[in-house]
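*Asks:* The structure under discussion is supplied below as structure tokens; questions concerning it will follow.
The values are calculated or read from the model by the stated rules, or taken from the named source; none is laboratory data. Please read these numbers as outputs of a predicted model, since none were measured by experiment. Here Cβ is always computed from backbone atoms with ideal geometry, including for glycine, and neighbour counts include all displayed protein chains.
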Amino acid sequence: MKILIIQPKIGMGDMIIYLPYIHAISKKYKKSVSILVKDNSRAKELLADDDHISEIITLRKELDGMNGIFKLSSELKKRNFNKIFIFNSSLRYNLIARLAGIKSIYQYPLFRSKDNIVHSAKIFTEDIINEVVSTEPNLIINKINNNLDKNFKHICLGISASGPTKRWDINNYIKLAEELTKKIKCKFYIAGGEKDVDLINKFKNSNIGKDSFSFEKLNIKETLQNISNCDLYIGNDTGWAHISVGLKVKALTIFCDSPVLAYGRYSARMVTIEPEGENSTTTHDTLGKDKVSFNKVLAEAIKLLN
């Protein structure tokens, strides 16, 4: 039996959130599965050590959209899949599965316009396998022994974000690091890429910068090792927060402008901070980065580190 799972969301965080359901399907059928994902999910790097996944098929540009229907169905047909699980309500993927000759097709209800990413995936998977599925993700990596100084707390700072409205100001992170080191011996690991170099340099050039190490020149595998050795993630709602949770690291996640009910409630390891006046109500239109209480973030960070 050959099984394909389609997960068409674009981000690293989305990829982590879907892991419990991919693993559940693999365990149910006692087979490693193939997954079809977009390149921005970074699945090939994130899931390189995951034995539940036998093949990662990238949804390349020429295979996407209406023009890619026949090309993608042709590629899938060559692989002779018996079952397909489509975590999406698009008619396009249903047609592709049929054209590929896949006999057993499981999919979200067609033409659904809105859904909670976690609830929909959980209900969909449980209905199929007839088992309760935990929403806690498990990002599997071959962890390397670390020699980090146990006299320090090692903190990953997620300063990056997919857009400026989701990003707590870098000066807040600098001030937070300064305040934390007054109470706790800390070292900081700055989660950001090359596009975040200006923010990273601002942190490095601050008074607290000497105690920091950044990820901008590391590959994903290297960042996973670093994050897995941290005691806490503090940062924006971005892929790094969800990766931390998947690596069993507590994540103090700041929701400035994204739906906390969808992305902040699926794991006991995710602790959320919302702008003042919000209570499980942030959305993509909250625009609350300037309304996040610094003192609340600091107090929660100290609590989690102790």
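*Asks:* Is it fair to say I86 is under 21 Å from I129 (Cβ atoms), modelled with pLDDT of 95 or more, crowded, with 17+ Cβ neighbours inside 10 Å and β-branched (V, I, T)?
*Replies:* Numbers: under 21 Å from I129 (Cβ atoms): yes; modelled with pLDDT of 95 or more: yes; crowded, with 17+ Cβ neighbours inside 10 Å: yes; β-branched (V, I, T): yes.
Considered against the rule, which asks whether it is under 21 Å from I129 (Cβ atoms), modelled with pLDDT of 95 or more, crowded, with 17+ Cβ neighbours inside 10 Å and β-branched (V, I, T), I86 comes out as yes.
*Asks:* Spot the failing condition for C256; the list is (1) under 14 Å from I159 (Cα atoms); (2) out of contact with any Pro (no Cβ under 7 Å at 6 or more places or on another chain); (3) at pLDDT 95 or above, and only one is missed.
*Replies:* (2)
*Asks:* Which pairs have Cβ atoms under 8 Å, sit 6 or more apart or on different chains, and link a residue in segment 276-290 that is over 12 Å from R167 (Cβ atoms) and assigned by TED's automatic domain parsing to the domain that holds A262 to one that is small (G, A, S) and exposed (fewer than 14 other Cβ atoms within 10 Å of the Cβ)?
*Replies:* E276/S293
*Asks:* May I pose another question? Between residues in segment 2-19 that are over 18 Å from Y108 (Cα atoms) and in the same structural domain as K122 (by TED's automatic domain parsing) and residues that are surrounded by 17 or more Cβ atoms within 10 Å (Cβ to Cβ) and among the acidic types (D, E), which pairs lie under 8 Å by C-beta distance while being six or more apart or on different chains?
*Replies:* G13/D237
*Asks:* Follow-up. Here is a list: L19, L36. Which entry is among the hydrophobic types (A, V, I, L, M, F, W, C), at pLDDT 95 or above and assigned to a helix (DSSP H, G or I)?
*Replies:* Testing whether each residue is among the hydrophobic types (A, V, I, L, M, F, W, C), at pLDDT 95 or above and assigned to a helix (DSSP H, G or I) leaves just L19.
*Asks:* Also: Can you find a residue that is in contact with a strand residue (DSSP E or B) (Cβ under 7 Å, 6 or more places away or on another chain) and either outside the structural domain of N88 (by TED's automatic domain parsing) or aromatic (F, W, Y) (or both) anywhere in segment 140-150?
*Replies:* Yes: segment 140-150 contains one or more residues that are in contact with a strand residue (DSSP E or B) (Cβ under 7 Å, 6 or more places away or on another chain) and either outside the structural domain of N88 (by TED's automatic domain parsing) or aromatic (F, W, Y) (or both).
Every residue, every condition in (1) outside the structural domain of I17 (by TED's automatic domain parsing); (2) surrounded by 15 or more Cβ atoms within 10 Å (Cβ to Cβ); (3) small (G, A, S), yes or no:
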| site | (1), (2), (3) |
| --- | --- |
| N207 | yes, no, no |
| S212 | yes, yes, yes |
| Q225 | yes, yes, no |
| S228 | yes, yes, yes |
| L232 | yes, yes, no |
| D237 | yes, yes, no |
| A241 | yes, yes, yes |
| S244 | yes, yes, yes |
| K248 | yes, no, no |
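*Asks:* Let me ask something else. When you go through T181, T125 one by one, which is the residue that is assigned by TED's automatic domain parsing to the domain that holds A43 and of a type in the set (S, T, N, Q)?
*Replies:* Just one listed residue meets the conditions, T125.
*Asks:* Condition first: of a type in the set (F, W, Y), within 20 Å of the chain's Cα centre (by Cα) and surrounded by fewer than 18 Cβ atoms within 10 Å (Cβ to Cβ). Now tell me which residues in segment 256-306 satisfy that. So that I can check it myself, show each step before the final result.
*Replies:* At the first step, the residues of segment 256-306 found to be of a type in the set (F, W, Y) are 263, 266, 294.
Filter again for within 20 Å of the chain's Cα centre (by Cα), leaving 263, 266.
The answer is none; no residue qualifies.
*Asks:* Taking segment 139-162, which residues are buried (at least 16 other Cβ atoms within 10 Å of the Cβ) and under 19 Å from the mean Cα position of the chain (by Cα)?
*Replies:* Selection gives L139, I140, I141, I155, C156, L157, G158, I159, S160, A161, S162.
*Asks:* Identify, please: which residue in segment 177-202 is in contact with a strand residue (DSSP E or B) (Cβ under 6 Å, 6 or more places away or on another chain) and not aliphatic (A, V, I, L, M) and is, among those, nearest to N306 (Cα to Cα)?
*Replies:* Pass one, segment 177-202, residues in contact with a strand residue (DSSP E or B) (Cβ under 6 Å, 6 or more places away or on another chain): 177, 180, 184, 186-191, 200.
Filter once more, so that each one left must be not aliphatic (A, V, I, L, M): 186-189.
Working: C186: 12, K187: 15, F188: 16, Y189: 19 Å.
Within segment 177-202, the match that is nearest to N306 (Cα to Cα) is C186.
*Asks:* Would you tally the residues in segment 41-87 being charged (D, E, K, R), assigned to a helix (DSSP H, G or I) and without any contact (Cβ under 8 Å) to a residue 12 or more places away in the chain? Don't jump to the end; show me each part of the working.
*Replies:* Here is the first cut: in segment 41-87, the ones charged (D, E, K, R) are 42, 44-45, 49-51, 55, 60-62, 64, 71, 75, 77-79, 83.
When the remaining residues are screened for being assigned to a helix (DSSP H, G or I), the result is 44-45, 61-62, 71, 75, 77.
In the following step, the residues that additionally are without any contact (Cβ under 8 Å) to a residue 12 or more places away in the chain were identified as 61-62, 71.
Counting residues in segment 41-87 that are charged (D, E, K, R), assigned to a helix (DSSP H, G or I) and without any contact (Cβ under 8 Å) to a residue 12 or more places away in the chain gives 3.
*Asks:* Can you give me the number of residues within segment 22-33 that are in a helix (DSSP H, G or I) and either in contact with a Gly (Cβ under 6 Å, 6 or more places away or on another chain) or among the aliphatic types (A, V, I, L, M) (or both)?
*Replies:* Within segment 22-33, the subset in a helix (DSSP H, G or I) is 22-29.
Still in the list and also either in contact with a Gly (Cβ under 6 Å, 6 or more places away or on another chain) or among the aliphatic types (A, V, I, L, M) (or both): 22, 24-25.
Final tally of qualifying residues: 3.
*Asks:* Go through segment 163-176 and give me each residue that's surrounded by 17 or more Cβ atoms within 10 Å (Cβ to Cβ) and in contact with a Gly (Cβ under 9 Å, 6 or more places away or on another chain).
*Replies:* Scanning segment 163-176 gives W168, Y173, I174.
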